[in-house]
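Structure first, commentary second.
The values are calculated or read from the model by the stated rules, or taken from the named source; none is laboratory data. Here the structure is a predicted model, which means the values were calculated and not measured. Note that each Cβ is placed from the backbone with ideal geometry, even for glycine, and that neighbours are counted across all protein chains shown.
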Amino acid sequence: MEEQIRVTAFKWLEEQVQIYGDVLSRTLLEKGFLFNGQRITLVGPQGIWKPKMLELIPLSITTVAGGPYNDFFTKDGFLVYRYRGTNSNHRDNVGLREAMKRQVPLIYFHGIVKGKYLAVWPVFIIRDDPAMLSFTLAEDEPGSIRLYLNNNLTHNVSYIADDSTYFKRNYITSTIKQRLHQKSFRERVLEAYSRQCTFCRLRHIELLDAAHIISDSDELGEPVVNNGLSLCKIHHAAFDSNIIGITPDYKIIVREDILGEKDGPMLKHGIQQLHDQSIILPRSKMLWPDQNRLEIRYKRFREVG
């Protein structure tokens, strides 16, 4: 039954990610799903979480928002998860150690902002370091869940990953840090702008992006709120394509040749009528777009125009 609960949790997560994206609210995770009439929650008061229906091995592990991302990664790119407390024989630590022995897949929730988590699964414990009071985790591809199930059906609970599995997991896990940066930037920017487009006030979260003023490939393209704008997808594309620019004093400027075009209502009402309007700014002045970055970006816009 434990295998069924775990697989059901993975399927439920996949459905939620299709609806909400891979950053999920704690409220949703605390509600969980019903299994044989009993509720299975995916997070709880402790970072290492085992629902009552599971005997020993936890279902998920959670980290809170606010810590430097580098603190959660080893030098070779895997994830670090600290013991619960300093007693290596605490039941939660024992449960994770057993997950390592059996290669049982877990769910990893990393706090992005308060109450919001990046969902990563399946993850496996690949190393136990009592001296550092920590476990090392690796993400794997969804197909590894089937391997776990097959091993349990054949009672091959002592399965050890080979070198190819190690390097595959290393590659997959190495992408998490970038995802954390991207998702954290998006959540912080959208929160600053009250989850609306700074041009048109559209509030459908699934249609909003966190746009960089200066590209993240640039030296000044840090993933900070002052380098971000909350934009709906069409205005994000228009901004990135230099159809629309923003002056350092927060005015929207539509490129001159675009102003002279005649097309359908989207061009007229969605773009042309924005010309010379002011963007919607965050409530906190500390989070307003950086004017130096806007000046650099606006200069590029004028050069294109």
Does any residue of region 25-42 turn out to be of a type in the set (Phe, Trp, Tyr), out of contact with any helix residue (DSSP H, G or I) (no Cβ under 8 Å at 6 or more places or on another chain) and either surrounded by 14 or more Cβ atoms within 10 Å (Cβ to Cβ) or outside any helix (DSSP H, G or I) (or both)?
no
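Residues checked against (1) in contact with a strand residue (DSSP E or B) (Cβ under 7 Å, 6 or more places away or on another chain); (2) within 23 Å of Arg283 (Cβ to Cβ):
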position: Glu219; (1), (2): no, no
position: Glu222; (1), (2): no, yes
position: Ile234; (1), (2): no, no
position: Ala237; (1), (2): no, no
position: Gly245; (1), (2): yes, no
position: Leu259; (1), (2): no, no
position: Pro265; (1), (2): no, no
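Could you please let me know if Thr27 is under 26 Å from Lys183 (Cβ atoms) and among the β-branched types (Val, Ile, Thr)? Don't jump to the end; show me each part of the working.
Working: under 26 Å from Lys183 (Cβ atoms): yes; among the β-branched types (Val, Ile, Thr): yes.
Here the answer is yes, as Thr27 does meet what is asked.
Given the criteria surrounded by 16 or more Cβ atoms within 10 Å (Cβ to Cβ) and assigned to a loop (DSSP other than H, G, I, E, B), does Pro45 qualify?
So Pro45 does not fit the description; no.
Looking at this structure, is Ser230 at pLDDT below 85 and assigned by TED's automatic domain parsing to the domain that holds Ile253? Outline the logic, then answer.
On the way: at pLDDT below 85: no; assigned by TED's automatic domain parsing to the domain that holds Ile253: yes.
No; evaluated as a whole, the condition is false for this residue.
Table: residues versus (1) closer than 19 Å to Phe185 by Cβ; (2) without any contact (Cβ under 8 Å) to a residue 40 or more places away in the chain; (3) surrounded by fewer than 13 Cβ atoms within 10 Å (Cβ to Cβ); (4) basic (Lys, Arg).
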{"position": "Glu222", "(1), (2), (3), (4)": "yes, yes, no, no"}
{"position": "Ile234", "(1), (2), (3), (4)": "no, yes, no, no"}
{"position": "Ala238", "(1), (2), (3), (4)": "no, yes, no, no"}
{"position": "Ser241", "(1), (2), (3), (4)": "no, yes, yes, no"}
{"position": "Thr247", "(1), (2), (3), (4)": "no, no, no, no"}
{"position": "Lys262", "(1), (2), (3), (4)": "no, yes, yes, yes"}
{"position": "Leu267", "(1), (2), (3), (4)": "no, yes, no, no"}
{"position": "Ser284", "(1), (2), (3), (4)": "yes, no, yes, no"}
{"position": "Lys299", "(1), (2), (3), (4)": "no, yes, yes, yes"}
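Among the residues in region 107-123, are any of a type in the set (A, V, I, L, M), outside the structural domain of Trp49 (by TED's automatic domain parsing) and at pLDDT 90 or above? Reasoning before the result, please.
We begin by selecting, within region 107-123, every residue of a type in the set (A, V, I, L, M); these are 107, 112-113, 118-120, 123.
Checking which are outside the structural domain of Trp49 (by TED's automatic domain parsing) leaves us with none.
No: zero hits.
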Before we move on, is Leu54 among the aliphatic types (A, V, I, L, M) and closer than 25 Å to His181 by Cα?
no
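Can we say Leu96 is in the same structural domain as Val7 (by TED's automatic domain parsing) and touching a helix residue (DSSP H, G or I) at 6+ places or on another chain (Cβ under 6 Å)? So that I can check it myself, show each step before the final result.
Values: in the same structural domain as Val7 (by TED's automatic domain parsing): yes; touching a helix residue (DSSP H, G or I) at 6+ places or on another chain (Cβ under 6 Å): no.
So Leu96 fails the test.
When you scan region 245-279, how many residues do you find that are among the small types (Gly, Ala, Ser) and not in a loop (DSSP other than H, G, I, E, B)? Walk me through how you get there before you give the answer.
So the first thing to find is which residues in region 245-279 are among the small types (Gly, Ala, Ser), and the list is 245, 260, 264, 270, 278.
When the remaining residues are screened for being not in a loop (DSSP other than H, G, I, E, B), the result is 245, 270, 278.
Qualifying residue count, region 245-279: 3.
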